[in-house]
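The values are calculated or read from the model by the stated rules, or taken from the named source; none is laboratory data. Keep in mind it's a predicted model, so treat the numbers as computed, not measured. Cβ sites come from the backbone with ideal geometry, for glycine too, and all protein chains shown count toward neighbours. With ligands, DNA and RNA removed, areas are computed over all heavy atoms of the protein, side chains included. Shrake-Rupley method; radii C 1.70, N 1.55, O 1.52, S 1.80 Å.
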Amino acid sequence: QVQLVESGGGLVQAGGSLRLSCAASGRLFSINSMGWYRQAPGKQRELVATATSGGSTNYADSVKGRFTISRDNVKNTVYLQMNSLKPADTAVYYCTAVSLAINYWGKGTLVTVSS
C-alpha cells in the first residue's frame, strides 16, 4: 500500500504561481512513477505531469513551459511548480503513484485561478 497526501493548493490570480507537494508513505521501495492529474468541474480527470524514478518526465501540452514536476527521492515527495497560471488551470489536483502496476491516488487539493 502507498499513501499520498497533497498540499499547497489555494486561490491565486491569473499569472501567479503555486507549488503543490505530495508526500508518499508506505511501500515506497516499489514506487516507479509519480505524478499529477487534475479534474476541472464537469470534465474528466486529465494528466498534468509525471516523473519516473529514473528522472524521465512527461507533461500535458497545455502546461508545457509553465509547470515543472520534480521528485525528492530522499523525502519521498513529488512537487509541481505551477507558473503563469490561467483560469483554465482551475481544478482539483490529484497526486498519483504507480507501485507494482497499481495506481494510488491522493485525495486531491483544489487550485482556483481567478481572472
Scan of the stretch 12-60 for residues that are within 19 Å of A88 (Cβ to Cβ) and out of contact with any Leu (no Cβ under 9 Å at 6 or more places or on another chain), ordered by number: Q39, A40, P41, G42, K43, Q44, R45, E46, L47
Options T77, T90: the member that is among the β-branched types (V, I, T), surrounded by 15 or more Cβ atoms within 10 Å (Cβ to Cβ) and modelled with pLDDT of 95 or more: T90
Pick from the stretch 98-114, criterion modelled with pLDDT under 95 and of a type in the set (G, A, S), ranking: surrounded by the most Cβ atoms within 10 Å (Cβ to Cβ): S99
Pair list, Cβ under 8 Å, 6 or more apart: the stretch 71-97 residue in a strand (DSSP E or B), other residue acidic (D, E): V78/D72; Y79/D72; M82/D89; Y93/E6; Y94/E6; C95/E6
Count - residues of the stretch 1-31 that are open to solvent by 40 Å² or more (accessible area, probe 1.4 Å), more than 25 Å from S115 (Cα to Cα) and under 15 Å from the mean Cα position of the chain (by Cα): 3
If you scan the stretch 67-79, which residues turn out to be of a type outside the set (F, W, Y) and touching a Lys or Arg at 6+ places or on another chain (Cβ under 8 Å)? T77, V78
Restricting attention to the stretch 59-74, and to residues there that are closer than 12 Å to G35 by Cα and β-branched (V, I, T), which single residue is least open to solvent (accessible area, probe 1.4 Å)? I69
Just the residues that are buried (at least 16 other Cβ atoms within 10 Å of the Cβ) and within 18 Å of P87 (Cα to Cα), please, taken from the stretch 46-58. V48
Quick check on this structure: which one of S25, S53, S62 is of a type in the set (S, T, Y) and touching a helix residue (DSSP H, G or I) at 6+ places or on another chain (Cβ under 9 Å)? S62
